[in-house]
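Okay, so here's the structure we're looking at.
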Amino acid sequence: MNTSSPDKAFSVILPTYNEAGNIVQLVRKIQAAVPDHMECEILVVDDNSPDGTYELVRESFRDVSCVVPILRTSDRGFAKSIRHGIERASNDRIIVMDSDLTHDPIEIPRLLHVGQIYDVVSGSRFCAGGRMTDTKHYLTSLVYNWVLRLLLRTQVQDNLGGYFTARREQILRLPVDEIFFGYGEYYFRLLHFVQRAGLSIVEVPSHYLLRGAGTSKSNWARMIWSYTSAALRLKSRIAMTESGKEEDVPSSTPHSS
Ligand SMILES: Nc1nc2c(ncn2[C@@H]2O[C@H](COP(=O)(O)OP(=O)(O)OP(=O)(O)O)[C@@H](O)[C@H]2O)c(=O)[nH]1
Ligand SMILES: [Mg+2]
């Protein structure tokens, strides 16, 4: 583990599945967005994509040691890849983002800047100034976030964004087995456990762009079903915790960076 200050180096975790049409451009955009005084490691966590994403990254960045392609062939899945990337990261300061060019690397300096003050900084479509180019997707997510906010009683406006910065060590101290599984619903579990641990969260406005090449892996009907059942399970866990039937997560030490 790199001991360099969180103000000097960070690791970006990029989960990929069939992103050969986007990944090289994304890595270059991230490199271009790294603040002058900082160093950046980029971990591409690929679940053995049939389109050769892993091989492409390996060949394209063969001589670039800070770009680390990781191939996963077992226990695959979106959230598990993110956990794997966080565990493998060399720096304490981490950024997680999608690899389909929806999350814009141009926002990285702002996330890092606000990350000096708050434990988790989440790029949000729904706080003032946030937006999304795809209006239909924006409206669907907005309405679904209202449901999530009611169910989970959270003040966070974008519980499904997945573009965030945090400190690796603080995230790995959370109950990771209860968070990192499934698909995009891992994000509201993560935010919930972050809040439970007494860590601070702030949303900063983010503009989610259109996917670059390729197609989304999301299936709306399946997503609504699986996200809703995940939210209901989390809600019943919250109720159990509040009634004292289940142990709460240990409170984390206050933010110190
Ligand atoms: N490692 C890994 N990455 C995945 C997997 N499924 C999706 N991804 C990546 O996760 C990111 C989000 O996936 P998308 O298909 O864009 O889904 P989404 O962003 O939730 O939904 P859309 O808004 O419809 O694009 C992309 O970078 C994908 O390449 C998976 O099973 N394993
Ligand atoms: Mg996407």
Inset, instruction - Being touching a Pro at 6+ places or on another chain (Cβ under 8 Å) and part of a loop (DSSP other than H, G, I, E, B) is the filter; apply it to the stretch 90-109 and report the residue that is farthest from ligand 2 (Cβ to nearest atom). - result: Asp92
Inset, instruction - Quick one: count up the residues across the stretch 215-246 that are within 20 Å of the chain's Cα centre (by Cα) and part of a loop (DSSP other than H, G, I, E, B). - result: 5
Inset, instruction - Answer with yes or no whether Ile171 is closer than 29 Å to Met38 by Cα, within 16 Å of ligand 2 (Cβ to nearest atom) and crowded, with 23+ Cβ neighbours inside 10 Å. - result: no
Inset, instruction - Consider Lys8 carefully, then state whether it is touching a residue at least 24 places away in the same chain (Cβ under 8 Å), more than 20 Å from Lys217 (Cα to Cα) and within 16 Å of ligand 2 (Cβ to nearest atom). - result: no
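Could you look through the stretch 46-61, keep only residues that are under 18 Å from Ser74 (Cα atoms), part of a helix (DSSP H, G or I) and not aromatic (Phe, Trp, Tyr), and pick out the one that is farthest from ligand 1 (Cβ to nearest atom)?
Glu55
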Inset, instruction - Scan (1) among the hydrophobic types (A, V, I, L, M, F, W, C); (2) without any contact (Cβ under 8 Å) to a residue 60 or more places away in the chain; (3) within 19 Å of Ser90 (Cα to Cα) for the single condition Leu56 breaks and write down its number. - result: (3)
Legend entry - Residues that are more than 9 Å from ligand 1 (Cβ to nearest atom) and buried (at least 22 other Cβ atoms within 10 Å of the Cβ), drawn from the stretch 10-25: Phe10, Ser11, Val12, Ile13
Legend entry - Residue satisfying condition, being touching a helix residue (DSSP H, G or I) at 6+ places or on another chain (Cβ under 8 Å) and in contact (Cβ under 8 Å) with a residue 24 or more places away in the chain, within set Ile86, Ile117: Ile86
Legend entry - Test for Leu43: is it crowded, with 20+ Cβ neighbours inside 10 Å, in contact with a helix residue (DSSP H, G or I) (Cβ under 7 Å, 6 or more places away or on another chain) and assigned to a helix (DSSP H, G or I): no
Inset, instruction - Determine the pairs where a residue that is over 18 Å from Ile94 (Cβ atoms) and in a helix (DSSP H, G or I), located within the stretch 170-190, has a partner that is away from ligand 2 (no atom under 16 Å from the Cβ) and of a type in the set (Gly, Ala, Ser) with Cβ atoms under 8 Å apart, the partner being 6 or more residues away or on another chain. - result: Phe188/Ala230; Phe188/Ala231
Inset, instruction - State yes or no: is Pro35 assigned to a loop (DSSP other than H, G, I, E, B) and in contact (Cβ under 8 Å) with a residue 60 or more places away in the chain? - result: yes
Inset, instruction - Kindly indicate the residue of the stretch 191-210 that is surrounded by fewer than 19 Cβ atoms within 10 Å (Cβ to Cβ), touching a residue at least 60 places away in the same chain (Cβ under 8 Å) and not hydrophobic (A, V, I, L, M, F, W, C) and also farthest from ligand 1 (Cβ to nearest atom) among those meeting that condition. - result: Ser200
Inset, instruction - May I ask you to verify whether Val64 is at pLDDT 95 or above and over 23 Å from Asp177 (Cα atoms)? - result: yes
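The values are calculated or read from the model by the stated rules, or taken from the named source; none is laboratory data. Please read these numbers as outputs of a predicted model, since none were measured by experiment. Note: ideal-geometry Cβ built from the backbone for every residue, glycine included; neighbour counts use all protein chains shown.
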